[in-house]
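Following: one structure in structure tokens, then a few remarks.
The values are calculated or read from the model by the stated rules, or taken from the named source; none is laboratory data. Quick caveat: nothing in here was measured; it's all calculated off a predicted structure. With ideal geometry, Cβ positions are generated from the backbone for all residues, glycine too; neighbour counts draw on all protein chains shown. Accessible surface is based on the protein model in full, side chains and every heavy atom, while ligands, DNA and RNA are left aside. Shrake-Rupley method; radii C 1.70, N 1.55, O 1.52, S 1.80 Å.
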Amino acid sequence: MALSHISHDGLGAACPAYALKALDVLESAGWEAWVVGGWVRDALRGLPGHDVDVTTSAPWQEVERAFAAAGFPVHETGTAHGTVTVVMDGKPVEVTTYRVEGTYSDLRHPDEVRFVRDVREDLARRDFTVNAMAWHPTRGLLDPFGGEGDLNLRVIRAVGVPRERFEEDALRVLRAVRFAARMGFSVEAATQEALVACAPELTYIAQERIGQELDGIVRCGKMGWALMNETDVMCAALPELQAMRGFDQHNPYHFYDVLEHTARVCMGVQEFTGGLARPELQWAAFLHDVAKPVCFSLDAEGGGHFFKHPVVGASMADRIMRRLAVRREVAVPARLLVRYHDHRVFATQRSVRRTMQKFSHECPGQETRLTYELLDLKRADAIGKSWRAYGFIQTLDQISALVREEVSRGPVFKESQLAVGGRDLMSEFGMRPGPGIGVFLDAMLVAVVDGVVPNEREALLAWLEEYSGMPRV
Ligand code: ATP
Ligand code: MG
């Protein structure tokens, strides 16, 4: 992997023209400016698609003045921290004045932000060596903490004394895990030791900041890795996980404790979707068994049960995702997948239609995608138990085939999809508009979903004639 890194000479070609122009605007006005942070890190890894952040010696008022004079729109997006966003050729570039952060007496917010003269001071306040590099088209790479070397070694290492840096801002503990997870890096030993020591301080961090980092781990498909490799940090970030850790399921179908099972299900949904699981499926995999510890009971034979854990889990997952400010368009379907992860689906047309019908009621228009996602969640759930559950995968494949058939035929799970409508009932049976029509349409839908009658006009009218005893006109 190290060989795929591009040299820093290659950064000039990789840097987008609008970003170079932003540097030029500032430097022509007499200030110093660098590209910094994520863009430099990712470009050195051969991934120059990251948005561009610029750091500069200019106070934000001067940044605003220089860009306005050059004719570019400027938005005051964070002037308290010295940040404005300039729009260059339609692309936003965040420009921040060189700064350091004062003491963090509450472990969350710096008590003050102090603007400084030297870019090196600005780099020193950044979290990890790979994030603390600056680059300029003629001055080259400025890398005072060995970030490039750490990219080659594939490690996340704190800038400075790890413990002090995590005590300043405990969110960095979770950021370390997110960067390691996303980039497939390991955490350098002293940094790792400090991560574990400082993880409890995540309690002081605002839930939405934690949510943002957890969402980052979930979305890159690495929650399974994080749960297995950074268990202490993850349990501190989401205290509900602590109860799942080491929780024996007392069940011959479960080889793993609830937390390890969860990690395997997170990995499984990635496997079964070729690494393309959508965020709602990944969040559902992460939280699907969150209620197991509170729903546990032992029977007389010593067997473990988790009655109602999908229902209780769905409301716990909902509360957790609200608290973490996970976007509703992700949280709503994720809650549903948690709710139905244990719902029995059979390899019959009826069962497939009923499942799609349930999803259609709760997330109209999303039923096909959610049904496939439910099947992927169930596959992952099965392989995350033990080899004894693997046989179920075959059934799930049969169910998938039925869903495909259903979708290609034009699925039937709501009245508007019936081959017969209210108008037909009026013309064929002389019915008058009113609630009676809805009653019969509903009866026909149940018959079609149950496979009693095919969804064809004539067959449906004949069935209704018999069912209702109404003669056709
Ligand atoms: P990405 O946005 O792809 O996750 P990034 O490197 O752009 O990666 P951001 O969270 O956008 O990460 O932050 C931009 C830069 O600001 C980081 O590269 C890092 O240098 C610095 N930074 C951000 N948050 C912190 C923090 N809590 N402590 C110290 N430095 C930070
Ligand atoms: Mg960023």
Filter result (within 16 Å of residue 222 (Cβ to Cβ) and part of a helix (DSSP H, G or I)) within the range 174-192: 174, 175, 176, 177, 178, 179, 180, 181, 182, 183
Residues being over 15 Å from residue 138 (Cβ atoms) and within 16 Å of ligand 1 (Cβ to nearest atom) - total across the range 23-39: 4
Looking only at the range 40-56, and only at residues there that are within 11 Å of ligand 1 (Cβ to nearest atom) and part of a helix (DSSP H, G or I), the one that is nearest to residue 134 (Cα to Cα): 40
Tally of residues being touching a residue at least 12 places away in the same chain (Cβ under 8 Å), aliphatic (A, V, I, L, M) and in a loop (DSSP other than H, G, I, E, B) across the range 289-314: 2
Hits in the range 40-77 - residues which are small (Gly, Ala, Ser) and either modelled with pLDDT under 95 or within 21 Å of residue 139 (Cβ to Cβ) (or both): 43, 46, 49, 57, 58, 66
Within the range 387-404, considering residues that are of a type outside the set (S, T, N, Q) and at pLDDT 95 or above, the one surrounded by the most Cβ atoms within 10 Å (Cβ to Cβ): 403
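Conditions (1) surrounded by fewer than 18 Cβ atoms within 10 Å (Cβ to Cβ); (2) hydrophobic (A, V, I, L, M, F, W, C); (3) in a helix (DSSP H, G or I), marked per residue:
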{"site": "424", "(1), (2), (3)": "no, no, yes"}
{"site": "433", "(1), (2), (3)": "yes, no, no"}
{"site": "438", "(1), (2), (3)": "yes, no, yes"}
{"site": "444", "(1), (2), (3)": "no, yes, yes"}
{"site": "451", "(1), (2), (3)": "yes, no, no"}
{"site": "459", "(1), (2), (3)": "yes, yes, yes"}
{"site": "465", "(1), (2), (3)": "yes, no, yes"}
Which listed residue, of 41, 45, is in contact with a Ser or Thr (Cβ under 9 Å, 6 or more places away or on another chain), within 16 Å of ligand 2 (Cβ to nearest atom) and either farther than 12 Å from residue 93 by Cβ or open to solvent by 10 Å² or more (accessible area, probe 1.4 Å) (or both): 45
Boolean, residue 111 is farther than 30 Å from residue 183 by Cβ, at pLDDT below 95 and either surrounded by fewer than 20 Cβ atoms within 10 Å (Cβ to Cβ) or not aliphatic (A, V, I, L, M) (or both): yes
Hey, residue 208 more than 24 Å from residue 36 (Cβ to Cβ), in a helix (DSSP H, G or I) and out of contact with any helix residue (DSSP H, G or I) (no Cβ under 7 Å at 6 or more places or on another chain) or not: yes
Residues (within 20 Å of the chain's Cα centre (by Cα) and open to solvent by 50 Å² or more (accessible area, probe 1.4 Å)) located in the range 202-256: 207, 208, 209, 212, 219, 222, 225, 228, 229, 239
All positions within the range 132-170 that are open to solvent by less than 10 Å² (accessible area, probe 1.4 Å) and within 12 Å of ligand 1 (Cβ to nearest atom): 132, 133, 134, 147, 156, 158, 159, 166, 170
Residue 35 in contact (Cβ under 8 Å) with a residue 60 or more places away in the chain, within 14 Å of ligand 2 (Cβ to nearest atom) and not in a strand (DSSP E or B): no
Unmet requirement for residue 57, which otherwise passes all of (1) within 15 Å of ligand 2 (Cβ to nearest atom); (2) in contact with an Asp or Glu (Cβ under 7 Å, 6 or more places away or on another chain): (1)
Subset of the range 61-80 [in contact (Cβ under 8 Å) with a residue 24 or more places away in the chain and within 16 Å of ligand 1 (Cβ to nearest atom)]: 80
Yes/no for residue 376 being at negative phi, part of a helix (DSSP H, G or I) and in contact with a Gly (Cβ under 9 Å, 6 or more places away or on another chain): yes
Neighbours by Cβ (under 8 Å, 6+ apart or cross-chain): first from the range 407-418, within 17 Å of residue 351 (Cβ to Cβ); second polar (S, T, N, Q): 407/368; 411/368; 411/417; 412/455; 413/357; 413/360; 414/357; 414/360
Any pair with Cβ under 9 angstrom, 6 or more apart, that starts in the range 116-131 at a residue that is more than 13 Å from ligand 1 (Cβ to nearest atom) and open to solvent by less than 40 Å² (accessible area, probe 1.4 Å) and ends at one that is in a helix (DSSP H, G or I) and at pLDDT 95 or above: 116/122
